[in-house]
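Beneath this line is the structure, given in structure tokens, with notes to follow.
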2 protein chains.
Amino acid sequence: MPILCTVDVVLLTLNPQLQVALLPRDRAPLAGALALPGGFIHADEDADPLAAAARMLRAKTGLDCPYLEQLATFGGPGRDPRGWSISVAHVALVPADLLARGAAGLRWHPVDALPALAFDHAQIVAQAVARVRSKSQYSSLPVHLCGERFTLPQLQAVYEALLGEPLNKVSFRRRIDEMDLLEPIEGERTGGAHRPAQLWRLKDRRRGALTLTDRLLGPAVLAP
Amino acid sequence: MPILCTVDVVLLTLNPQLQVALLPRDRAPLAGALALPGGFIHADEDADPLAAAARMLRAKTGLDCPYLEQLATFGGPGRDPRGWSISVAHVALVPADLLARGAAGLRWHPVDALPALAFDHAQIVAQAVARVRSKSQYSSLPVHLCGERFTLPQLQAVYEALLGEPLNKVSFRRRIDEMDLLEPIEGERTGGAHRPAQLWRLKDRRRGALTLTDRLLGPAVLAP
DNA sequence: CGAATAGTGTCTCTCAGACAATATCGG
DNA sequence: CCGATATTGTCTGAGAGACACTATTCG
């Protein structure tokens, strides 16, 4: 009996709390149970586990992975009733404003109040959330939960939602500035009955990889 | 054709530089080539990937995993000539003074001057080293490269070897003290033609998990 | 006592966070 | 002008790192 090889994706958004995308399973085993988007690796079309996860994300959610990284691999004899199985779990982040399109059938649930999940998916979600919160302390990861353009107060609110505590405005701006991460969008500003905020976007050079700070933004959190 | 499921272990020690344990392959494919200790997951005896890695470590090196954690999973159609394969890679740390026993057939190589390796193992080693160096900045991970008992100057030298730069003695001791990680071994001290150093050991409570600092020990390094 | 290494006290300079002043919008 | 939010300047206290002093061993 060969080992079953799957990938799963913990797709997260912030709206306004951290939420995870779940899908009711449409077949046995555990038909109807809520589960992460995922499925078997296809040896004939996937170049690696990340590509398999991107394919899964596209197929099940219609989204073209904005941010996608490998999380960890879960395996064992009991997690799937069909036999010894492996799941290469991934984390994906999507800005809330992209959710309008393509979200057919997805059910979003706050990560702090999850229903029962199929297999060991609750554990996978927990580890994904811990990873995201941990990386939020020292990297630019949260920008991938903002849209293409955003203001600094918006970005700070995203960091605060992930870290679970208010941040000092001056320090936060110093950090972001030190990262040399953003560039202002000239002329564009947000409206409202008050002073509008400057809009920013990621510098081209920063699109691919995360940028790290050399000082933490918040208190230490358990790293996965 | 099912996907091949394997685990590999990047076993590292410090002696006095960071070195990785390699084994010449004893069978096809790539018989004779240097490779990481690893092998197929056995669905009938392994409880999960970590247990498979521990079994592999015991079988191929005789060591009972002192520190072992999952690193990442590598997979694709080309990395093993036998077909689409998955390797759940792990990192293990062992104090240099445990190497006397059980190291039959292991070849130790400095990680900064590796020979050609089989499969994609060079990439796996590189990622493992990056992970270890990154975690050395903000956690107690390096204590697992020391023996059961050690002095603070020894521990500082281990951190410095991993981080690649000298650390401030006063700050280093402040950090270690804040972590509430160690307890002195009363009465025992190291000898020499000079003042002997206090011996320390991990507090029981700290055996299992890593302890984190809330400030970094060195400058930021790329996190895996 | 001198050499060598271990351990500690202290000073300074940097920087994180608090506070507050200024800027810019709509009404 | 007023209310509201954005942005920036300044001050202060905590702490990291530099430096140097004390401690302890052997010869």
*Using beta carbons and a limit of 7 Å, which pairs, at least six apart or on different chains, have the first residue in region B:190-201 and free of Cβ contacts under 8 Å to residues at least 24 places away in the same chain and the second one within 7 Å of DNA strand D (Cβ to nearest atom)?*
B:PRO196/B:ARG189
*State yes or no: is A:THR213 within 14 Å of another protein chain (Cβ to nearest Cβ) and of a type outside the set (Lys, Arg)?*
yes
*Could you tell me whether region A:113-123 includes any residue that is among the hydrophobic types (A, V, I, L, M, F, W, C), within 14 Å of chain B (Cβ to nearest Cβ), over 26 Å from A:CYS146 (Cα atoms) and in contact (Cβ under 8 Å) with a residue 40 or more places away in the chain?*
yes
*From the list A:PRO166, A:PRO153, A:PRO142, which residue is without any contact (Cβ under 8 Å) to a residue 24 or more places away in the chain and open to solvent by 30 Å² or more (accessible area, probe 1.4 Å)?*
A:PRO166
*Return a yes/no flag: does region A:64-73 have any residue that is assigned to a helix (DSSP H, G or I) and either in contact with a Gly (Cβ under 6 Å, 6 or more places away or on another chain) or open to solvent by 20 Å² or more (accessible area, probe 1.4 Å) (or both).*
no
*asked:* For region B:123-158, which positions are under 14 Å from the mean Cα position of the chain (by Cα) and hydrophobic (A, V, I, L, M, F, W, C)?
replied: B:ILE124, B:VAL125, B:ALA126, B:ALA128, B:VAL129, B:ALA130, B:VAL132, B:LEU141, B:VAL143, B:LEU145, B:CYS146, B:VAL158
*Can you pull out the residues in region B:45-60 that are open to solvent by 20 Å² or more (accessible area, probe 1.4 Å) and either more than 14 Å from every other protein chain (Cβ to nearest Cβ) or assigned to a strand (DSSP E or B) (or both)?*
B:ARG58, B:ALA59, B:LYS60
*Going by the conditions given, is A:ARG206 free of Cβ contacts under 8 Å to residues at least 12 places away in the same chain and among the charged types (D, E, K, R)?*
no
*Report whether or not B:VAL132 is farther than 25 Å from A:ARG79 by Cα and away from chain A (no Cβ under 14 Å).*
no
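Results for (1) open to solvent by 60 Å² or more (accessible area, probe 1.4 Å); (2) within 14 Å of DNA strand D (Cβ to nearest atom), shown as yes or no for each residue.
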residue: A:ASP120; (1), (2): no, no
residue: A:SER134; (1), (2): no, no
residue: A:GLU148; (1), (2): yes, no
residue: A:SER171; (1), (2): no, yes
residue: A:ASP177; (1), (2): yes, yes
residue: A:PRO196; (1), (2): no, yes
residue: A:THR213; (1), (2): no, no
_I'd like the full set of residues that are of a type outside the set (S, T, N, Q) and either in contact with an Asp or Glu (Cβ under 7 Å, 6 or more places away or on another chain) or within 13 Å of DNA strand D (Cβ to nearest atom) (or both), limited to region A:198-211._
A:LEU199, A:TRP200, A:ARG201, A:LYS203
*Just wondering, is there one or more residues in region A:62-72 that are within 8 Å of another protein chain (Cβ to nearest Cβ) and not charged (D, E, K, R)?*
yes
_Filtered residues of region B:1-44 (kept if closer than 19 Å to B:LEU117 by Cα, within 14 Å of chain A (Cβ to nearest Cβ) and surrounded by fewer than 20 Cβ atoms within 10 Å (Cβ to Cβ))_ = B:GLY39, B:PHE40
_Of the criteria (1) under 14 Å from the mean Cα position of the chain (by Cα); (2) crowded, with 20+ Cβ neighbours inside 10 Å, which one A:ALA161 fails_ = (2)
*Which ones in region A:74-100 are within 10 Å of another protein chain (Cβ to nearest Cβ) and open to solvent by 10 Å² or more (accessible area, probe 1.4 Å)?*
A:PHE74, A:GLY75, A:PRO77, A:GLY78, A:ARG79, A:GLY83, A:TRP84
*Search region B:198-207 for residues being open to solvent by 50 Å² or more (accessible area, probe 1.4 Å) and within 17 Å of B:PRO153 (Cα to Cα), and hand back the single one that is farthest from the chain's Cα centre (by Cα).*
B:TRP200
_When you check A:GLU165 against the structure, is it within 14 Å of chain B (Cβ to nearest Cβ) and within 13 Å of DNA strand C (Cβ to nearest atom), yes or no?_
yes
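The values are calculated or read from the model by the stated rules, or taken from the named source; none is laboratory data. No experiment lies behind these values; they were computed from the predicted model shown. We place every Cβ from the backbone using ideal geometry, glycine too, and count neighbours over all the protein chains shown. These area figures cover heavy atoms from the full protein model, side chains too; ligands, DNA and RNA do not enter into them. Shrake-Rupley method; radii C 1.70, N 1.55, O 1.52, S 1.80 Å.
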